[in-house]
Amino acid sequence: MSKSSSSLLLRSAPALFVAIWSTGWVSARYGADYADPLTFLSARFALAFVAMLIIIGVARAEWPKGRGVLHAMISGVLLHALYLGGVWWAIAHGVPTGISGLVAAIQPILTAFLAPLILRERIGPLQWAGIFLGFAGIVFVLEPKLSVIDPAHLAETLEPLAINMLAMVSVTFGTFYQKRFIPKGDLRTVTALQYAGAFIVVTPAALLLEPLRLDWGLPLIAVMAWSVLALSLGAIGLLLLLIREGAVSRAAALIYLVPPSVAIEAWIAFGETMQIVQLIGLMLTVLGVALATRRPGMPK
């Protein structure tokens with residue numbers, strides 16, 4: 001890849017990541033009707049691994065050596081197995097998607113608190129303002145959905161909600177682990193090893209907890225194809241690139257743009273209404289992310 005092409009990819013990576021990653025919520029909504037969550041993810045990780053092997057074979061990419069293999073697999077467990085497995089299982093067991101989205105929005109705040117301690121990243125006042133402004137915007141975006149949740153029903157989902165919280169913590173530490181222990185190396189081979197690690201963890205859990213339901217047909221094939229090609233290869237590749245090339249706290253702040261993007265996609269795909277409070281939240285979120293992702297030295 002030429003230097004100009006690489007620069008263009010890096011500049012467009014944040015927007016591409018948000019646009020693709022946000023469709024994961026739509027995929028989860030469709031996929032839940034045709035497959036058990038962990039079973040679906042097990043198949044997704046296996047297919048993603050095979051797809052990466054084909055890409056690696058064509059490109060003749062170099063594999064990590066020694067501890068690099070173990071580090072890549074551990075990061076895959078944190079970023080994929082525990083995070084996606086926890087979120088999908090929680091939603092399948094009663095956690096409303098709005099609540100799950102709000103839990104995910106805590107990640108940038110947790111990341112910002114831990115980044116100075118773990119990676120010695122400096123979080124400036126404007127970044128802090130952006131982080132909390134972005135979270136406030138997410139609350140506004142999700143407020144219409146949160147307000148109709150039955151408290152009695154929510155009490156029944158405490159265990160899945162706890163799993164959802166642990167999943168958020170897992171992806172937070174996964175981004176730190178990726179930045180700390182995999183600062184270089186070919187991202188294609190790293191990604192393949194990540195999916196191998198995720199498959200090794202998720203598959204036994206699926207065997208123990210689920211009847212392994214996969215209702216193969218056009219709908220499931222379409223959801224699986226998008227999940228593997230767009231999400232597992234495209235979005236994850238962009239996320240790893242963002243983590244490697246920038247500060248972890250700035251990469252995490254992009255998560256704020258996912259729930260508003262999902263709201264817009266639901267409006268387009270399913271005809272769900274967009275209320276004034278959601279539009280205000282969307283603008284607050286965009287402003288918050290702009291502040292939180294501002295690099296030191298950029299003009300104010």
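Of all the helices (runs of 4 or more DSSP H) wholly in region 16-112, which have at least 3 residues that are under 13 Å from the mean Cα position of the chain (by Cα)?
Working: elements: 23-31, 37-59, 67-76, 83-92, 97-104.
Passing ranges, in order: 23-31, 83-92, 97-104.
Show the residue pairs meeting these rules: Cβ distance below 8 Å; 6+ apart or different chains; first residue within region 281-300 and surrounded by 21 or more Cβ atoms within 10 Å (Cβ to Cβ); second residue in a loop (DSSP other than H, G, I, E, B) and at pLDDT 75 or above.
That search, which allows pairs on different chains as well, returns nothing.
Considering only residues that are in contact (Cβ under 8 Å) with a residue 60 or more places away in the chain and either of a type in the set (A, V, I, L, M) or in contact with a Gly (Cβ under 7 Å, 6 or more places away or on another chain) (or both), which ones fall in region 35-53?
Matches in region 35-53: ALA35, LEU38, PHE40, LEU41, ALA43, ALA46, LEU47, ALA48, ALA51, MET52, LEU53.
How many residues, within region 140-162, are crowded, with 16+ Cβ neighbours inside 10 Å and modelled with pLDDT of 80 or more?
Total meeting the criteria: 3.
Where residues in region 272-300 are at pLDDT 65 or above and among the small types (Gly, Ala, Ser), which of them is farthest from ASP186 (Cα to Cα)?
Among residues in region 272-300 that are at pLDDT 65 or above and among the small types (Gly, Ala, Ser), the one farthest from ASP186 (Cα to Cα) is GLY281.
Would you please name the residue that is surrounded by the fewest Cβ atoms within 10 Å (Cβ to Cβ), looking only at residues in region 214-246 that are in a helix (DSSP H, G or I) and of a type in the set (D, E, K, R)? Can you show your working first?
Within region 214-246, the first condition is being in a helix (DSSP H, G or I), and the residues that meet it are 218-245.
Applying the additional criterion that residues be of a type in the set (D, E, K, R) yields 244-245.
Values: ARG244: 16, GLU245: 12.
Out of the qualifying residues, it is GLU245.
Could you tell me which numbered condition ARG213 fails, if it satisfies all but one of (1) over 27 Å from ALA290 (Cα atoms); (2) under 18 Å from the mean Cα position of the chain (by Cα); (3) at pLDDT 90 or above?
Answer for ARG213: the failing condition is (2).
When you look at ILE106, is it among the hydrophobic types (A, V, I, L, M, F, W, C) and farther than 22 Å from ALA292 by Cα, yes or no?
Working: among the hydrophobic types (A, V, I, L, M, F, W, C): yes; farther than 22 Å from ALA292 by Cα: no.
No; evaluated as a whole, the condition is false for this residue.
Given the structure, is GLY174 crowded, with 18+ Cβ neighbours inside 10 Å and assigned to a loop (DSSP other than H, G, I, E, B)?
Details: crowded, with 18+ Cβ neighbours inside 10 Å: yes; assigned to a loop (DSSP other than H, G, I, E, B): no.
Judged against the criteria, GLY174 is not a match.
Taking the residues in region 180-213 that are outside any loop (DSSP other than H, G, I, E, B) and of a type in the set (Gly, Ala, Ser) as candidates, determine which candidate is farthest from ALA115 (Cα to Cα). Show your work before the answer.
Residues of region 180-213 outside any loop (DSSP other than H, G, I, E, B): 180-181, 187-209.
Of the ones still in play, those that are also of a type in the set (Gly, Ala, Ser) are 192, 196-198, 205-206.
Values: ALA192: 27, ALA196: 28, GLY197: 25, ALA198: 25, ALA205: 31, ALA206: 33 Å.
Among those residues, the one meeting the criterion is ALA206.
The values are calculated or read from the model by the stated rules, or taken from the named source; none is laboratory data. Predicted model only: the values in this text are computed from it and were never measured. Using ideal geometry, Cβ is built from the backbone for each residue, glycine included, and neighbour counts are taken over all protein chains shown.
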